[in-house]
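So the structure is just underneath, and the comments pick up after that.
Nothing in this text is a laboratory measurement; each read-out follows from the coordinates by a stated rule. As the structure is a prediction and not an experimental result, all values here were calculated from the model. Cβ placement follows ideal geometry from the backbone for every residue including glycine, while neighbour counts extend to all protein chains displayed.
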């Protein structure tokens with residue numbers, strides 16, 4: 001939880017410097033995260049207290065310097081110096097969430113038991129946008145486990161109109177009443 005909060009803090013500080021190249025910058029951070037996942041020894045080296053900051057910076061920048069803008073270069077120097085590299089996996093998501101808010105958009109996940117037609121997607125999207133009175137970016141997900149109906153998720157808000165959700169509610173009621 002703390003990593004997520006700290007990642008949002010760093011994202012808020014970085015965001016004004018990367019807005020012009022937002023997509024490219026978040027993509028570069030995702031490449032770095034994948035590199036750390038693919039080569040865990042690199043992440044361990046960069047987080048190990050026995051090695052100097054200068055040694056860590058030399059190794060990191062020898063691998064990534066030509067991919068980094070000056071803002072991302074400063075970010076990585078800061079994360080290495082403050083032993084905060086563990087924030088990197090959370091950073092792209094934090095940046096994207098901040099970008100949506102700054103663009104006055106909300107990402108809404110719409111799960112359904114089966115694929116919705118274009119017309120159904122448009123209807124659901126329009127209805128949600130009119131209810132919350134904001135522009136939305138719908139993400140449609142097919143989840144056969146729902147059995148039927150839809151489940152709508154936006155940040156911490158969930159509206160479950162799925163058959164699975166209704167069956168779970170009935171089960172909880174019956175177990176609580178018995």
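Radius of gyration over Kirkwood radius for the range 6-58, both on Cα atoms: the Rg/Rh ratio is 1.05.
Taking 0.36 nm per residue of sequence separation and removing the Cα-Cα distance, the residue 66/residue 104 pair yields an extension gain of 10.4 nm.
If one computes the Cα centroid of the range 82-134 and of the range 137-178, what distance in Å separates the two points? Comparing the Cα centres of the range 82-134 and the range 137-178, I get a distance of 18 Å.
The value of relative contact order for the chain, using C-alpha pairs under 8 Å at least six residues apart, is 21 percent. Translational diffusion of the range 105-177 was estimated from the Stokes-Einstein equation, with Rh taken as the Kirkwood radius over Cα pairs; at 37 °C and 0.692 mPa s the coefficient is 253 µm²/s.
Each residue in 152, 141 was given a count of other beta-carbon atoms within 10 angstrom of its own, and listing them fewest first yields 141, 152.
The ranking of 134, 153 from fewest to most other beta carbons within 10 Å of each one's beta carbon is 134, 153. Legend: ranking of residues 106, 2 from fewest to most surrounding C-beta atoms inside 10 Å; resulting order 2, 106. Helix content alone sets the calculated 222 nm mean residue ellipticity of the chain: runs of n ≥ 4 DSSP H residues at -39500 (n - 2.57) each, divided across all residues, give -19500 deg cm²/dmol. Return the percentage of antiparallel bridges among DSSP beta bridges fully within the chain, rounded to the nearest 5 %. So the antiparallel bridges amount to about 50 percent of the total.
Between residue 122 and residue 20, the FRET efficiency from the beta-carbon distance, with R0 = 35 Å, is close to 0.65. The Cα-based radius of gyration of the chain, divided by its Kirkwood radius, gives an Rg/Rh of 1.11.
Against the longest alpha carbon principal axis of the chain, how many degrees, from 0 to 90 and to the nearest 10, is the axis of helix 2-18 turned? The answer is roughly 70 degrees. A straight chain from residue 97 to residue 4 at 0.36 nm per residue would run longer than the Cα-Cα distance by 32.3 nm. For the chain, the longest principal axis of the alpha carbon atoms and the long axis of helix 22-38 meet at an angle near 80°. Across the range 2-99, Cα pairs under 8 Å and at least six residues apart give a relative contact order of 57 percent. What shape does the range 62-152 take by its C-alpha gyration tensor, where a ≥ b ≥ c are the square roots of the eigenvalues and a/c under 1.5 counts as rounded, a/b above b/c as prolate, and the rest as oblate? Prolate, since a/c reaches 1.5 and a/b exceeds b/c. What angle, in degrees between 0 and 90 and rounded to the nearest 10, separates the Cα long axis of helix 53-64 from the longest principal axis of the Cα atoms of the chain? Helix 53-64 sits at roughly 60 degrees to that axis.
Over every Cα atom in the range 2-99, the radius of gyration and the widest Cα-Cα span, Dmax, amount to 12.6, 38 Å.
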